[in-house]
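A short worksheet on the structure shown next.
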Amino acid sequence: MVFVTGATGILGRIIVLELLKKGKTVRAAKRPTSNLNEVRHSYKFYTENPDDFFNKIEWVDVDFNDVNAIQDILKDVEEVYHCAAKVSFHPHDEKEMYRTNIKGTENLLYSCEGSEVKKFLHVSSIAVLDNFNEKGELDEESDFNPKLEHSAYSLSKHLSEMEAWRASAEGLNVTIVNPGMIIGSGNWGNSSGDIFPTFEKNGFTFSGGTSYVDVRDVAKISIELMEENIFGERFIIVAENKGYAELGRQIRSKLGLKEAKILSKFQLNLGRWANILFGWLIPKLRMITKTNIESISTLNVISNQKIKDKLDYQFISVSESIDFHLNNYINDKKLKK
């Protein structure tokens, strides 16, 4: 039995699907308010038999604050894929991120002690990477630097990683993956699923960029690492480093929209002063923090060499990934009309 947390998220749902394709029995975590019909619908983008696979999933409601309940859910479970996380860069989400990302991970790992769980994969983020290597790139050795200013999300993912490393040191077979921005289908408007709605609605973008990866690559690599029993290490999972403007150009062109204008760092800093003065009155301004401005105005080069060497893996290009998932987004929009 395999247990997948965050199974309704853009990554968790595909890990579940790929495990089912391999004949695994899957227990999947959801919230009482989760929209399972949306998950079922999204499976049609990835398989010709969406209902057949979806109907094999054993769904369970999970309260990660309740250790006893988690221990019950872990009965007969030998493998755990921990994908559940709160992703946000809004200050008002800080408490929920710390509770979900850190305490939730701590409670899950504690519940694994004395259970039948033999393998544990923890989904972290490239947001925890800080120190550059001699090539000026971020890689698996780029440890979190507590002296630097970080977003609450980055800090919460770093501390949840520390929980996973602690469990690894105590004998649990743990592997950690650090995906970039995940491009996938479904869950539109939430977390990584917000890429297409955001570029569609906003006629502006930023001077920086980030590292992107297709959800299918993250799911397949995660499962292969577990199958190959590769533990005690972490692996960056990114396909390419891309500027927001380049990505926005491809998306907005396909949607028949004008190219987005790039907001300069100077303009963003004006917004930060507006946040200081009027953030109490206009909630949206609270997103314009010093840390967030620095993040969206920078494009760091992040290396994927380790995972390519380890698994001899060939990534889906970002351009191909955007085309595939953007077509799904457009078709879903047509269905709603």
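The values are calculated or read from the model by the stated rules, or taken from the named source; none is laboratory data. Not measured: the values here are computed from a predicted model. Note that we place each Cβ from the backbone using ideal geometry, even for glycine, and neighbour counts take in every protein chain shown. Calculation scope for accessible area: heavy atoms of the full protein, side chains included, ligands and nucleic acids excluded. Shrake-Rupley method; radii C 1.70, N 1.55, O 1.52, S 1.80 Å.
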**Item:** Qualifying positions in segment 107-121 - under 19 Å from V177 (Cβ atoms) and in contact with an Asp or Glu (Cβ under 7 Å, 6 or more places away or on another chain)
**Value:** L109, V117, K118, K119
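Residues are listed down the side, and each one gets a yes or a no for (1) touching a Lys or Arg at 6+ places or on another chain (Cβ under 9 Å); (2) within 23 Å of N178 (Cα to Cα):
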residue: N229; (1), (2): yes, yes
residue: I236; (1), (2): yes, yes
residue: E240; (1), (2): no, yes
residue: Y244; (1), (2): no, yes
residue: L255; (1), (2): no, no
**Considering residues of segment 63-74 that are open to solvent by 70 Å² or more (accessible area, probe 1.4 Å) and either among the acidic types (D, E) or within 24 Å of the chain's Cα centre (by Cα) (or both) only, the residue farthest from S160 (Cα to Cα)** = D72
**Prompt:** Taking segment 110-128 as the region of interest, how many residues are open to solvent by less than 30 Å² (accessible area, probe 1.4 Å), outside any helix (DSSP H, G or I) and either over 17 Å from I221 (Cβ atoms) or out of contact with any Ser or Thr (no Cβ under 8 Å at 6 or more places or on another chain) (or both)?
**Reply:** 1
**Asked** Could you say which residue among V60, V77 is over 28 Å from S321 (Cα atoms), open to solvent by less than 30 Å² (accessible area, probe 1.4 Å), assigned to a loop (DSSP other than H, G, I, E, B) and of a type outside the set (F, W, Y)?
**Response** V77
**Request:** Please enumerate the residues belonging to segment 1-31 that are hydroxyl-bearing (S, T, Y), open to solvent by 10 Å² or more (accessible area, probe 1.4 Å) and either touching a Phe, Trp or Tyr at 6+ places or on another chain (Cβ under 6 Å) or over 24 Å from F196 (Cβ atoms) (or both).
**Result:** T25
**Request:** State yes or no: is G186 in contact with a His (Cβ under 8 Å, 6 or more places away or on another chain) and either modelled with pLDDT of 95 or more or at positive phi (or both)?
**Result:** yes
**Asked** Within the bounds of segment 143-166, is there any residue that is among the small types (G, A, S) and free of Cβ contacts under 8 Å to residues at least 12 places away in the same chain?
**Response** no
**Complete:** Checked segment 188-210 for anything under 12 Å from the mean Cα position of the chain (by Cα) and not in a helix (DSSP H, G or I); matches are N190
**Prompt:** Do we have any residue at all in segment 33-42 that's outside any strand (DSSP E or B), of a type in the set (K, R) and surrounded by 21 or more Cβ atoms within 10 Å (Cβ to Cβ)?
**Reply:** no
**Item:** Subset tally (residues that are surrounded by 15 or more Cβ atoms within 10 Å (Cβ to Cβ) and under 17 Å from K242 (Cα atoms)) for segment 302-318
**Value:** 6
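Hey, can you tell me all the residues within segment 160-187 that are within 21 Å of S317 (Cα to Cα) and among the hydrophobic types (A, V, I, L, M, F, W, C)?
V177, M181, I182, I183
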**Asked** In the set N145, N133, which member is out of contact with any Phe, Trp or Tyr (no Cβ under 8 Å at 6 or more places or on another chain) and under 20 Å from G209 (Cα atoms)?
**Response** N133
**Request:** Just need a number here: residues in segment 181-199 that are touching a helix residue (DSSP H, G or I) at 6+ places or on another chain (Cβ under 7 Å), surrounded by 18 or more Cβ atoms within 10 Å (Cβ to Cβ) and small (G, A, S).
**Result:** 3
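Does segment 286-295 contain any residue that is in contact with a Ser or Thr (Cβ under 9 Å, 6 or more places away or on another chain), at pLDDT 75 or above, open to solvent by 50 Å² or more (accessible area, probe 1.4 Å) and polar (S, T, N, Q)? Outline the logic, then answer.
Residues of segment 286-295 that are in contact with a Ser or Thr (Cβ under 9 Å, 6 or more places away or on another chain), as a first pass: 289, 291-292, 295.
Filter once more, so that each one left must be at pLDDT 75 or above: none.
Within segment 286-295 (the criterion being in contact with a Ser or Thr (Cβ under 9 Å, 6 or more places away or on another chain), at pLDDT 75 or above, open to solvent by 50 Å² or more (accessible area, probe 1.4 Å) and polar (S, T, N, Q)), the answer is no, since none of the residues qualifies.
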**Request:** Could you tell me which of the residues N229, N202 is surrounded by fewer than 15 Cβ atoms within 10 Å (Cβ to Cβ) and at pLDDT 95 or above?
**Result:** N229
**Fill in**
Of the conditions (1) closer than 26 Å to S156 by Cα; (2) surrounded by 15 or more Cβ atoms within 10 Å (Cβ to Cβ); (3) without any contact (Cβ under 8 Å) to a residue 12 or more places away in the chain, the single one that E96 does not satisfy is (2)
**Prompt:** Regarding N178, is this residue on the phi < 0 side of the Ramachandran plot, open to solvent by less than 60 Å² (accessible area, probe 1.4 Å) and under 14 Å from the mean Cα position of the chain (by Cα)?
**Reply:** yes
